[in-house]
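A.B. asks: Have a look at this one.
The values are calculated or read from the model by the stated rules, or taken from the named source; none is laboratory data. Given the structure is predicted, the values throughout are model-derived calculations rather than measurements. All Cβ positions, glycine included, derive from the backbone under ideal geometry; neighbour counts span all protein chains shown. Note: areas computed on protein heavy atoms with side chains; ligands, DNA, RNA excluded. Shrake-Rupley method; radii C 1.70, N 1.55, O 1.52, S 1.80 Å.
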Amino acid sequence: MAAKDRGSLQALRRTNSERMLAALMEHGALHRAELARICGLSRTTVSTIVADLVSGGVVIEVVGDQAAQAGIDASEVDGRARGFLRANPAAGAAAGLDFTLERVWCHLTDLSGRTLASEGVTATHDTPWQERLTAGLELLDGLLDRAGRTRDDLVGVAIGVPGPIDLRTGVVGPSLPGQAWAGVNVAAEFGRHLAVPVLVENNTRLEAVAEFTWGAGRDGRDVLYLGLSTGIGSGLLVDGNLHHGGARGGGGEIGHLSADSTGAVCPCGNRGCLVQYASLPAVLRALAPVLGEDAGLDELLAAAAEGQPDTVRVLREAGELTGRVLANICNLLNPARIIVGGELARTGELILEPIRATLRRSAMALTRDADVVAAELDLGARAGASGAAALVLRQTDQLVTALLSVPDQRPNEAV
């Protein structure tokens, strides 16, 4: 056989292996026949590739008592099919790091997405990126040690930072004042220290991945995440796949869609951007005469819980403007669910209900029924780091190859 033909067959085999592993990670334990149907492959192809994945420790067979421990009805196990197949949780580890202005968080999972360790440290606004990088690597090594793993067990690391990432250059663009990573190629800098694939993503989009995987979007497919925080960002998952921000990586900046074309000029150059009305600083600024110039989130939440009239009014107005912008997004993208996160989501129905009402009133009939719900996971860096770890398992190129290269020093987990 010609070398070119052999190369094509090997590439096809790798692609099929990745497809099968992805199906097992998404659906859990599957029969060989189910795996063949989901992946659109013949049973012979599945059996051949499964044999390699089992011998490499990437996939394990679950039978008998092991099936019951895994939550599978033992009566479903067909002995002729040699039971169920599932991704081996011990085959490798995925790590996520998330950097906000004030936190650095690291989240470590096994191949099934089960948390192995998760921890964060504080940072100051003026902490330079070099010190943040060091803090992140120290967190990563500490968590690996606690979990009984090493860097050799990693199949990839994903990193979340504020601001857009230029998909052509890998450089982080400017966003919030004091953003330490602006102008830095984060993947390249971490790549100097890590011998595994490094993914870099906007941290609001990583919060979206976390909510889709473990939070309010876990039973959905087309989900829009909206973060109402110091800024306003978003993350979009279409058929379960994260949209990375368009041609250059600058998409998702919902906060800079105009909510009032006659409004004040925004630093981005537009007028009346949503961030000027519905971000946490904007709401606190509007309530300064009532809550005080130094009021923060705690004071806002307390006033909201008490039903303080001016607080209720400002939140309602912020929600209505947000709903108006979301109506346009729904007309364009038609998501099934909208998850509202960030600090302002903690005010609950005071902001969620006006968002829903305005969306129902303003969007087209076919797009206005999007389910608007609050985020379920922790705020900020912790959620972003867990979403980063999930992104590694979802989108690391050649994950099977990476797993097969992990030193064979871990046990094959039975369940």
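A.B. asks: Confirm whether Gly323 is open to solvent by 10 Å² or more (accessible area, probe 1.4 Å) and free of Cβ contacts under 8 Å to residues at least 40 places away in the same chain.
C.D. replies: No, not satisfied.
A.B. asks: Let me ask you something else. Spot the failing condition for Glu189; the list is (1) farther than 26 Å from Glu131 by Cα; (2) out of contact with any His (no Cβ under 7 Å at 6 or more places or on another chain); (3) outside any loop (DSSP other than H, G, I, E, B), and only one is missed.
C.D. replies: Only one criterion is unmet by Glu189, namely (1).
A.B. asks: OK, next. Going through the stretch 74-99 one residue at a time, which ones are over 19 Å from Val198 (Cβ atoms), at pLDDT 85 or above and not in a strand (DSSP E or B)? Before you say what the answer is, go through the steps one by one.
C.D. replies: Residues of the stretch 74-99 that are over 19 Å from Val198 (Cβ atoms), as a first pass: 74-91.
Checking which are at pLDDT 85 or above leaves us with 84-91.
Answer for the stretch 74-99, where residues must be over 19 Å from Val198 (Cβ atoms), at pLDDT 85 or above and not in a strand (DSSP E or B): Asn88, Pro89, Ala90, Ala91.
A.B. asks: Can you tell me which residues in the stretch 100-126 are of a type outside the set (Lys, Arg) and not in a strand (DSSP E or B)?
C.D. replies: Thr100, Leu101, Glu102, Leu111, Ser112, Gly113, Ala123, Thr124, His125, Asp126
A.B. asks: Being in contact with a Leu (Cβ under 6 Å, 6 or more places away or on another chain) and in a helix (DSSP H, G or I) is true for just one of Leu403, Leu359. Which residue is that?
C.D. replies: Leu359
A.B. asks: Quick check on this structure: which one of Arg146, Arg168 is touching a residue at least 12 places away in the same chain (Cβ under 8 Å), over 17 Å from the mean Cα position of the chain (by Cα), open to solvent by 50 Å² or more (accessible area, probe 1.4 Å) and under 30 Å from Leu24 (Cβ atoms)? Talk me through it step by step, then tell me what you get.
C.D. replies: Numbers: Arg168 fails: under 30 Å from Leu24 (Cβ atoms).
Going through Arg146, Arg168 in turn, the sole match is Arg146.
A.B. asks: Quick one: in the stretch 201-241, of everything that is under 17 Å from Ala383 (Cβ atoms), among the β-branched types (Val, Ile, Thr) and surrounded by fewer than 24 Cβ atoms within 10 Å (Cβ to Cβ), which residue is modelled with the lowest pLDDT?
C.D. replies: Here the answer is Thr230.
A.B. asks: For Leu366, are the conditions met, namely being closer than 30 Å to Glu18 by Cβ and at pLDDT below 95? Full working, then the answer.
C.D. replies: Values: closer than 30 Å to Glu18 by Cβ: no; at pLDDT below 95: yes.
Answer is no for this residue.
A.B. asks: Ok, one more. With Gly178, Gly163 as the choices, which residue is at pLDDT below 95, touching a strand residue (DSSP E or B) at 6+ places or on another chain (Cβ under 7 Å) and on the phi > 0 side of the Ramachandran plot?
C.D. replies: Sole residue among the options that is at pLDDT below 95, touching a strand residue (DSSP E or B) at 6+ places or on another chain (Cβ under 7 Å) and on the phi > 0 side of the Ramachandran plot: Gly163.
A.B. asks: Kindly list the number of the only condition in (1) within 26 Å of the chain's Cα centre (by Cα); (2) surrounded by fewer than 16 Cβ atoms within 10 Å (Cβ to Cβ) that fails for Leu344.
C.D. replies: Among (1) within 26 Å of the chain's Cα centre (by Cα); (2) surrounded by fewer than 16 Cβ atoms within 10 Å (Cβ to Cβ), Leu344 violates only (2).
A.B. asks: (1) assigned to a loop (DSSP other than H, G, I, E, B); (2) open to solvent by 50 Å² or more (accessible area, probe 1.4 Å): which one isn't true of Asp152, the others all being true?
C.D. replies: Of the numbered conditions (1) assigned to a loop (DSSP other than H, G, I, E, B); (2) open to solvent by 50 Å² or more (accessible area, probe 1.4 Å), the odd one out for Asp152 is (1).
A.B. asks: From (1) in contact (Cβ under 8 Å) with a residue 40 or more places away in the chain; (2) within 25 Å of Leu242 (Cβ to Cβ); (3) open to solvent by 40 Å² or more (accessible area, probe 1.4 Å), pick out the condition that doesn't hold for Leu366.
C.D. replies: (1)
A.B. asks: Have a look at Ala389, Ala374, Ala402 and point out the one that is crowded, with 16+ Cβ neighbours inside 10 Å, among the aliphatic types (A, V, I, L, M) and modelled with pLDDT under 85. Steps first, answer last, please.
C.D. replies: Working: Ala389 fails: modelled with pLDDT under 85; Ala374 fails: modelled with pLDDT under 85.
Exactly one residue qualifies, and that residue is Ala402.
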